[in-house]
Structures are given as structure tokens and as C-alpha cells.
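None of the figures in this text is laboratory data; all of them are computed from the coordinates on show. Values in this document were obtained by computation on a predicted structure and should not be read as measured data. Cβ coordinates were reconstructed from backbone atoms using ideal geometry, including for glycine residues, and neighbour counts include every protein chain displayed.
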Amino acid sequence: MTDYPSLIKSKLPKVGTTIFTVMSQLANENNAINLSQGFPDFKSSDKLIDLVTSAMKQGLNQYAPMAGVLALREQIAIKTEKLYGAKYHPESEITITSGATQAIFTAIAATITEDDEVIIFTPAYDCYEPAIELNGGKSVFVQLHAPDYKIDWEQVKKLINQRTKMIIINTPHNPSGKTLSEKDMQALEKIVSNTDIIVLSDEVYEHIIFDGKPHQSAAKYPGLMERSFIISSFGKTFHNTGWKMGYCVAPKNLMTEFRKAHQFIVFSSNTPMQFALAEYLKQEENYLQLSGFYQQKRDFFVNLIQGSNFEILPSQGTYFQLLSFENISDEKDTDFAIRLTKEYKLASIPVSVFYHKNVDEKILRFCFAKKEETLEKAAEILNRIV
């Protein structure tokens, strides 16, 4: 085959296949239990699936309005006001998206221009930095560390300058499972006051928070609400990540710009699923019971591995559990994760890949959004590793 000169210069030269794809593929190749990628191995609600089927049979299969089905936006407005006391107008301040990742990209694409700086707290979900780079911005990193992954807000203050355009927060936090406190949100609110800084608040695990703690949404804080894109996910909430359904809420001035980009990135999202979700959200227990549901899974998994040689770093939210293998091996976390998959048939994600630099604290991330039998098998493996 003839070698042709490259016709393009990569805009993402450092980006390859995501670690989630790599580890899931490795799990499949080795017939390993897959606790790496963040998806449930149990099915979504039969009622919700029936609602989607009903919408399809009713012929609701053509393009939805660009901003989303109004009935769904109205239910999101009701839910957001009940939970956080924040009022968003369903017609002008809520947009339905094809997953949270699309919403995050759209918010960045709509607002970040060349040489704008965006502050990211690492370890971080891996879609933030590429979206910033693709839109000409510069990522500015604040490193968080185990075991508490606390944000040093004084350090953040020192990074603020005239080029700072956005700060991205994520609570409950992937991969650490930690949550931001009221004091954290107040500190952020104070930092951005009297500035033009936008906040992108990734709250896809808003309904998966444990031990009776309230979720600290940016919507609860007037100084943050007025400048925030808040992103959430139906896929995380209702156990159907493959449906790729999410949404964004923001004040009208921000949402106007969001929709300008949204209409050309995806235009609109899956129509029958929107009608189904609109009906399903009317029953509050469908999302309010989620914390208890996943706390039971967290506690079940943690109790099974209490006697192992792994150190358990408490999870305050999400459906991820961090385990330190510092007492087991001095291998790099990437090497240990690969060996765990190949030799022990259990796949996880090494936390170092969530940093922009190589920060290896000998920690792996495990997804516990699984059936009890899956967690039992995984725990049996973890308990025999010495």
C-alpha cells in the first residue's frame, strides 16, 4: 500500500483510545469480570422501557424540538426547584442533550475561544481537556491527592487571571467518589464573584450520594447559579447509559449561546425516550430512591472486602469505589490493573490516567453498579490477592 503524506495535523496529538475502551476490551479478551467502565450490569426499569415502547408505537419517532420535548423540560424544572430551590424556565433555560458528555462539549464549544484558560481539578473525567483543546482553550490543572482529594481554594485563587474563562467542577466526583461540601461551594462562589468566569458543574451523579448528605448543586448558590452550566445524566440515574440521554440547565444568557452550538453539534436528541422520561420523572421515588439503592451496593461490596489487603478509600457518592494496593505491590497502577485483568480476571481502572501528569498513588477504581453475584465474584478475587 502506498504511504501518502499526512493531510492533517492532529488537533489532539496526545489523545489515543480511552482507558475505558482499553480496559473493557482487555476484560473481554481475558473473560474477566468488568468493574472498569462505569455501567450497570442490571437492566433498567421495565416501566421506563414500556413507556419508550409506547411512545414509539404512538409514532413519536421524528425529530424532537431542538431544545428538547417541552414536557420533559417542564419535569426537569419541577425537579430542580423541589430539590435545590432553583427556578429555571423550561422554554429558555433547559436543553435536552444526547448524553452528558455532549452537553459538556457543547458548553465548552459555545463559550471557550482561543487562549481562554479553563481550570480543571485532576483526577478528572477524561472529556474535559480534549474539548477545551479542540476549541482553542488552555487547560490549567489543580492536582488533588488521595485519600481525601480536597480542593485547596487558595491555590485556585492564585491561578485566576484575566484569561480565566471557566472553572469545571464535578460533584459527586469521578473517579474519587468524593463530594464537594457547602464550604467548598461557598468558597467557589466567593472566588468567582465580580468576575466574568463561567462555571461548568458536572453533576451527573447528583442522585447517587451517600450517608444522608445533601447534594451541593451549583443551583443552590445564587452566585454560582447565575454563571453556571449544570450538566446531568438520565443514563446514570436510570441505569441506561447506552441511551445517551442528558440535559443542561443554565440562565438564559448562557443557554442562548449553548443552543447556538447544540443545534449544529447534534440538533436534537432521541424523541421517544424524551416522552418516556417526561412521564417517568413524575414519580419522584424513581430518582429519590437511588442513593439508598447504590449505598446498599457500596456497603455490600465494601463489607465483602474488609479483610483483603487493599485499603478502602471511602466513597461518598457515584458508583465507584477506590482501592489502594500500596500494601500489595509497588507496580505502576497501569501495570497492576493489566495484571489484575489478565491473571486474576478482574478489570478496573488505574486512577493515574485521570491526571494530566503521571500521578501514581497506587489506586484503582472499581465500579459497584453491578448485581450482587458480580460483586461477590469480584470480592472473592480481591480477597485472595496478597
* Structure fact -> Relative contact order in percent for the chain (Cα pairs under 8 Å, 6+ apart) equals 25
* For the chain, count the residues as N, evaluate 2.2 N^0.38 Å, and divide the Cα radius of gyration by that value, please. => 0.99
* Structure-based [θ]222 nm, the chain - -39500 (n - 2.57) summed over DSSP H runs of at least 4, per residue, nearest 500 -> -11500 deg cm²/dmol
* Cα gyration tensor, the stretch 214-280 - rounded (a/c under 1.5), prolate or oblate -> oblate
* To do: Using the number of other C-beta atoms within 10 angstrom as an exposure proxy, rank 227, 163 with the fewest first.
  => 163, 227
* Give the value in nm², to one decimal: projected area of the alpha carbon convex hull of the stretch 62-284, averaged over all directions. => 11.5
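Find out how many positive minus negative residues lie around residue 258, taking Lys and Arg as positive, Asp and Glu as negative, among other residues whose Cβ is under 12 Å from that of residue 258. Before the final figure, lay out the partial values.
Working: positive: 252, 259, 260; negative: 93, 257.
That works out to +1.
Order of 17, 101 from fewest to most other C-beta atoms within 10 Å?
On the way: 17 8, 101 21.
The order, fewest Cβ neighbours first, is 17, 101.
Can you flag which of 150/345; 345/377; 332/371; 47/244; 87/158; 47/282 are past 22 Å Cα-Cα?
Working: 150/345 33 Å; 345/377 10 Å; 332/371 30 Å; 47/244 18 Å; 87/158 33 Å; 47/282 13 Å.
Going by Cα-Cα distance, 150/345; 332/371; 87/158 fall outside the 22 Å limit.
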